[in-house]
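Chemist: Next up is a structure, given as structure tokens.
Throughout, read-outs are computed from the coordinates displayed, never taken from laboratory work. A quick note: this is a predicted structure, and the numbers were derived from the prediction, not measured. Using ideal geometry, Cβ is built from the backbone for each residue, glycine included, and neighbour counts are taken over all protein chains shown.
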Amino acid sequence: MRLLIALTSAVLLGSACAREDAGETEIESRPIASETAAAVEPETTLTTTYVGIDFSLKHPADARVEYDDNRNEVWLLPGDRIIGPRVDPDSKGGAYYVAASRIVTHGRASAAAWVDSVRRALNDHEFDEDSLFFVGPATDTTLNGQAAKVLDPPCGDCWVRHFVFARDSTIVVLTYIANGLESWDRQRAQRVGEGIIGSFEWKAASSTR
């Protein structure tokens, strides 16, 4: 709970996540497979475009997109979720899970400053050298020609990686999470999840107004 409160405080540096009206998106939400459905093999080719307010992503055609406020979770911000199909009818989760969150800041956005504020808030507690709840420094990467900060927070038995992009007064946080509920091979799930994130592209500035 302490971590949730800390992350919420950090996020309040910007506004709540916003998402594009359903009429402007190029995808359709797809229902979860029924409990009696046969096992499926998820598609891996990124053929469908997800269109956010000022950015876009590519994802497989059989993924579904849904909004989740996630205000009861520590490592995910409110936003849209791109979720792979259920591989096994008996599994509890989709084949992969990518979260897309958008934050509007007061003044010019800085990925480094935002990440540092989150780290300070989350690390504001007592811990020792073996603490699982210490968030280390972010690293730098470039995806599809776009600079990003990468944050790998601890998550117990799950695995989380945040990619943070910034432009003008907007911060976009794309998160890949593997929480142990997937029935698909985790390495393949990670390749698809990070492939979706790697397709990130800002819209032309004039098209976001």
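Chemist: Multiplying the sequence separation of ARG186 and ASP90 by 0.36 nm and subtracting their Cα-Cα distance, what value in nm do you get?
Modeler: Values: separation 96, 0.36 × 96 = 34.56 nm, distance 1.68 nm.
Separation in residues times 0.36 nm, less the Cα-Cα distance, equals 32.9 nm.
Chemist: Let me ask another. State, to one decimal in nm, how far the label point of THR45 lies from the label point of HIS106, with both points 7 Å from Cα in the Cβ direction.
Modeler: Result for the modelled spin labels: 4.9 nm.
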